[in-house]
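Peer 1: First, the structure itself, so that you have it in front of you.
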Amino acid sequence: MDRPGRIACISLVATLAVGIPTLAFEYPLSDTAIREAFLTGNANNDEAAQLFLKYAHSLPAPESGPYVSTISVRTPYEQVAERGATVTNYHAEEAEEEFLGKAMPFLVRVEIDFTPTYPVYPPVGPDGSHSMLQPLPDYEHDFKIDVIQNGKLRATATRAYLLTSDASYNIWGTSGLVIEKQYDPEKIDSSDLTVRVRTPDGQDVETTFDMGDIK
């Protein structure tokens, strides 16, 4: 092949390489990815802060009812980075030993803040007193959460956690809750992932994560 032909061929290969997207989401994690995630989180600097910001979306407050304040995803990579950010006297080699080849879930978390209009409990009786024997709402079923990526994904587990605060609106001291849904990371790819939440009072809250931009 003459020189002009070789140049044209090289240019074509370069163009094709640029056009192939780099898949950011990776599972299972390689030893390199584990080390990178751990060291990034462990640095506790601006780079680490910017990394974690990508995994959580803050949402506007409604006029009334429960406030779906934050929707976040926790990829295996983010979980390793979080481990790095919260431990001391722990090194990248130990992180590799802990996580390499180990099954890790893909988590979706929905944080819901209580408001003066939700939940209305414990109920007030005719005499103005509170009944202390009322069951808690069935939060896991009252809030309908769908995770969609190339179709609706099926959760492998669901858990709910109550949050407490001195500034809560009720006598129980609970300020909100987190509903966490677990998914098989092998079912996740680098295409957009949407989380939809329907609240008991009919709010529809939705946000989309660019899985090509987070690991």
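Peer 1: Give the residues of the range 159-175 that are buried (at least 16 other Cβ atoms within 10 Å of the Cβ) and either modelled with pLDDT of 90 or more or farther than 17 Å from Thr117 by Cβ (or both), sorted by residue number.
Peer 2: Ala160, Ser175
Peer 1: Looking at the range 150-157, can you tell me whether even one residue there is loosely packed, with under 15 Cβ neighbours inside 10 Å and assigned to a strand (DSSP E or B)?
Peer 2: Checking the range 150-157: at least one residue is loosely packed, with under 15 Cβ neighbours inside 10 Å and assigned to a strand (DSSP E or B).
Peer 1: From the list Ile112, Ile71, exactly one residue is touching a His at 6+ places or on another chain (Cβ under 6 Å) and buried (at least 18 other Cβ atoms within 10 Å of the Cβ). Which is it?
Peer 2: Just a single option satisfies the conditions, and that option is Ile71.
Peer 1: Cβ-Cβ under 7 Å, sequence separation 6+ or interchain: first residue in the range 23-52 and touching a residue at least 12 places away in the same chain (Cβ under 8 Å), partner of a type in the set (S, T, N, Q). Which pairs?
Peer 2: Leu23/Ser190; Ala24/Ser190; Phe25/Thr75; Phe25/Ser190; Ala48/Thr40; Leu51/Thr40
Peer 1: Name every residue in the range 160-212 that is charged (D, E, K, R) and touching a residue at least 12 places away in the same chain (Cβ under 8 Å), in order of residue number. I'd like the intermediate steps shown before the answer.
Peer 2: In the first step, residues of the range 160-212 are kept if they are charged (D, E, K, R); the result is 166, 180-181, 184, 186-187, 189, 192, 196, 198, 201, 204, 206, 210.
Matches in the range 160-212: Glu180, Lys181, Asp184, Glu186, Lys187, Asp189, Asp192, Arg196, Arg198, Asp201, Glu206, Asp210.
Peer 1: Which of the residues belonging to the range 39-68 are crowded, with 20+ Cβ neighbours inside 10 Å, of a type outside the set (S, T, N, Q) and in a helix (DSSP H, G or I)?
Peer 2: If the condition is that a residue be crowded, with 20+ Cβ neighbours inside 10 Å, of a type outside the set (S, T, N, Q) and in a helix (DSSP H, G or I), then Gly41, Leu51 are the ones that fit.
Peer 1: Same structure, new question: For the range 158-196, how many residues are out of contact with any Leu (no Cβ under 9 Å at 6 or more places or on another chain) and of a type outside the set (S, T, N, Q)?
Peer 2: First, pick out the residues of the range 158-196 that are out of contact with any Leu (no Cβ under 9 Å at 6 or more places or on another chain): 158-159, 164-171, 173, 179, 185-186, 191-192, 194-196.
From the residues that got through so far, the ones that are of a type outside the set (S, T, N, Q) too are 159, 166-167, 169, 171, 173, 179, 185-186, 192, 195-196.
Residues that pass the stated criteria total 12.
The values are calculated or read from the model by the stated rules, or taken from the named source; none is laboratory data. Source: prediction; values computed, not measured. Methodologically, a virtual Cβ is constructed for each residue, glycine included, from the backbone with ideal geometry; neighbour enumeration extends over all protein chains shown.
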